[in-house]
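> For reference, the structure I am asking about is given below.
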Amino acid sequence: MILTITMNPSIDISYPLETFKLDTVNRVKEVRKTAGGKGLNVTRILKQLDAEVIASGLIGGFLGEEIKKDLDQTRIAHDFLPISGETRNCIAILHEGQQTEILESGPVISEEEASAFLEHFGKLAAKADIISFSGSLPEGLPIDFYSQMLQVCQPKPVVLDCSGAALTAVLKEDVKPKLIKPNTEELAGLLGRSVLNDVEELKAVLSEPMFTGIEWIVVSMGGDGAFAKHFDKFYRVTIPKIEVVNPVGSGDATVAGLTAAIEAGLSDEAVLKQGNVLGMLNAQEATTGHVNLANYQILFDQINIEEI
Ligand code: ADP
């Protein structure tokens, strides 16, 4: 079983508008509302892959109930810890080819809720073969909360996809995730400088002491594919050109593909191909977290994995 963790889920609302007018009324015809947050995107992709998956994290209030309903409708198993705060709304206004976002910061988690979650998580983790942690931590949780979760679930393999201070905090601790998947921007954020898409530079960067002990590092590079390190092997992943509809959530789809492939014990080549195929399939669809698996094999066969 794969356990996915979303600590700060949301109801994602999209408002398409022909023109966005300030200081007056804007009427929206086609509102789309979905259960969001990076971990829930991962979960939806895993479900489409027919993986056995349970979604967990923190959920509260009326919008928390809506998220549960949304998951029930798609027959996704879930076991969230209820909290007293209200799960957030994230609004994207799509207008004149632009996207204006209004993101609520979400609930503030109390100390009691934090320790109750660690206990809840420990029980779920004991039943899981592999666990994914995705996205930001809500306010109130200490910045090393993912490290505390890693302690609780060890030695279960964890695929971690977060950025900024939460990721830096994990890299400082002794208990390591099995895999991290920074994109180029997140990698630059970790290093405090930009990184060239150059084999020798990427090899040097991923060999830096801050990454010691992490078995897999997959740097995703959007349309340029990916660069990966597994133990002491380095791989360049070259992908074909595709027609992109909406790349939002491609990184989450990649995480789902990598996680399912690792759980299945696939070869390095197959793990990397599956991760990239799912990222690409997500980019080819309008709906985040939705993939058309009929095109899986066609893309899989066009990806080139080169050990360098
Ligand atoms: P994130 O969403 O975390 O920023 P990326 O944008 O790197 O992650 O996307 C993850 C993967 O999805 C890429 O490694 C690639 O396989 C695929 N992908 C994303 N954007 C594109 C694109 N524009 N063209 C082709 N593949 C893409």
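Bear in mind these aren't lab numbers, they're just calculated from the coordinates by the rules spelled out. Computed from a predicted model, the values in this text were never measured in an experiment. With ideal geometry, Cβ positions are generated from the backbone for all residues, glycine too; neighbour counts draw on all protein chains shown.
> Please give the length that would be gained between residue 118 and residue 194 if that part of the chain were fully extended, namely 0.36 nm times their separation in residues minus their C-alpha to C-alpha distance (nm, one decimal).
Length gained, residue 118 through residue 194: 23.8 nm.
> In nm, give the distance between the simple-model label positions of residue 300 and residue 151, each being 7 Å from the Cα along the Cα-to-Cβ direction.
My value for the distance between the label points is 4.1 nm.
> Run the numbers on segment 209-251 and let me know its relative contact order in percent, using alpha-carbon pairs under 8 Å that are six or more apart.
Relative contact order for segment 209-251 comes out at 27 percent.
> Where both residues lie in segment 1-94, what percent of DSSP beta bridges are antiparallel, nearest 5?
25 percent
> Within the chain, what's the longest run with no trypsin sites (Lys or Arg not before Pro) in a DSSP loop and at most 16 other beta-carbon atoms within 10 Å? Give the range, please.
Value returned for the longest uninterrupted segment is 242-308.
> Would you please give the residues with an amide H less than 5 Å from that of residue 130, counting only those at least 5 places away or on a separate chain, with H modeled from the backbone geometry?
3
> Once the cut-off is 14 Å, how many percent of the Cα-Cα pairs in segment 105-165 end up in the long-distance tail?
Distances greater than 14 Å cover 57 percent of the Cα pairs.
> So how do 158, 31 line up by other beta-carbon neighbours within 10 Å, fewest first?
The most exposed by this proxy come first: 31, 158.
> Please list, by residue number, every one of the GluC sites (Glu not before Pro) in segment 155-254 that is coil in DSSP and has at most 15 other beta-carbon atoms within 10 Å.
Loop-located and lightly packed - 173, 215, 243.
> A further question follows. Using only DSSP helix segments of four residues or longer, with each worth -39500 (n - 2.57), what per-residue ellipticity at 222 nm results for the chain after dividing by its residue count and rounding to 500?
About -11000 deg cm²/dmol.
> While we're on this one: Please arrange 24, 4, 287, 212 by how many other C-beta atoms lie within 10 Å of their C-beta, fewest to most.
The fewest-first ordering by Cβ neighbours comes to 24, 212, 287, 4.
> For segment 103-223, just the Cα set please: Rg and Dmax, both in angstrom.
15.3, 47
> Eigenvalues of the Cα gyration tensor times 5, then square-rooted: what semi-axes does that give for segment 171-308, in whole angstrom, largest first?
In descending order, the three semi-axes are 24, 16, 14 Å.
> Which of 99, 154, 284 moves the most in a Gaussian network model of the chain with Cα springs under 10 Å?
99
> At 10 °C and 1.306 mPa s, grab the translational diffusion coefficient of segment 167-250 from Stokes-Einstein with a Kirkwood Rh over Cα pairs, rounded to a whole number in µm² per second.
117 µm²/s
> Specify which residue in the list 299, 147, 39 is farthest towards the positive end of the charge dipole of the chain, using unit charges on the beta carbon of Lys, Arg (+1) and Asp, Glu (-1), about the Cα centre.
Farthest towards the positive pole: 299.
> Additional query: Name the long-range amide H neighbours of residue 36: under 5 Å, sequence gap of 5 or more, or other chain; modelled H, no Pro or chain starts.
Under 5 Å from the amide H of residue 36: 10, 11, 12.
> Setting aside same-chain residues fewer than 8 positions from residue 233, which aspartates and glutamates have a Cα under 12 Å from its Cα?
Result set, ordered by chain and number: 215, 268, 269, 306, 307.
> Quick one: work out the % antiparallel among DSSP beta bridges in the chain, nearest 5.
45 percent
> Percent of Cα-Cα pairs per 20 Å bin, from 0 to the last occupied bin, for the chain, please list those.
34, 59, 8
> For segment 80-211, what is the number of Lys pairs with C-alpha distance below 13 angstrom, counting only pairs 8 or more positions apart or on separate chains?
4
> For segment 1-86, which GluC sites (Glu not before Pro) pass both filters: DSSP loop (anything but H, G, I, E, B) and at most 11 other C-beta atoms within 10 Å?
Taking segment 1-86 and a limit of 11 other Cβ atoms within 10 Å, the loop GluC sites (Glu not before Pro) found are 18, 30.
> Can you pull the one-decimal nm distance between simple spin-label points at residue 224 and residue 27, each 7 Å off the Cα toward Cβ?
Here the answer is 4.7 nm between the modelled labels.
> Then there is this: Would you look at the GNM of the chain, springs on alpha carbons closer than 10 Å, and say which of 242, 45, 131 moves the most?
242
> Once fully extended, how much extra length lies between residue 185 and residue 139, figured as 0.36 nm per residue of separation less the alpha-carbon to alpha-carbon distance?
Difference between extended and current length: 14.2 nm.
> Tell me, Kirkwood radius of segment 27-170 from alpha-carbon pair distances, in Å?
16.4 Å is the Kirkwood radius here.
> How high is the relative contact order of the chain, given as a whole-number percent (alpha carbon pairs under 8 Å, six or more residues apart)?
16 percent
> Sticking with this structure for a sec: Just to be sure I understand: of the beta bridges DSSP finds with both ends in segment 39-191, what percent are antiparallel, rounded to 5?
About 35 percent, rounded to the nearest 5.
> Show me, for segment 234-247, the HN-Hα J-couplings you get by feeding each phi into the Karplus relation (A = 6.51, B = -1.76, C = 1.60, θ = phi - 60°), rounded to Hz, glycine and proline as x.
10, 10, 9, 10, 9, 10, x, 6, 10, 7, 9, 9, 7, x
> In whole Hz, with x marking every Gly and Pro, tabulate ³J(HN,Hα) for segment 63-69 from phi via Karplus 6.51 cos²θ - 1.76 cosθ + 1.60, θ = phi - 60°.
5, x, 5, 4, 4, 4, 4
> Still on this structure, I have one more. Collect residues whose amide H, placed 1.01 Å from N in the peptide plane, falls under 5 Å from the amide H of residue 59; neighbours closer than 5 in sequence don't count.
Distant-sequence amide H within range of residue 59: 81, 83.
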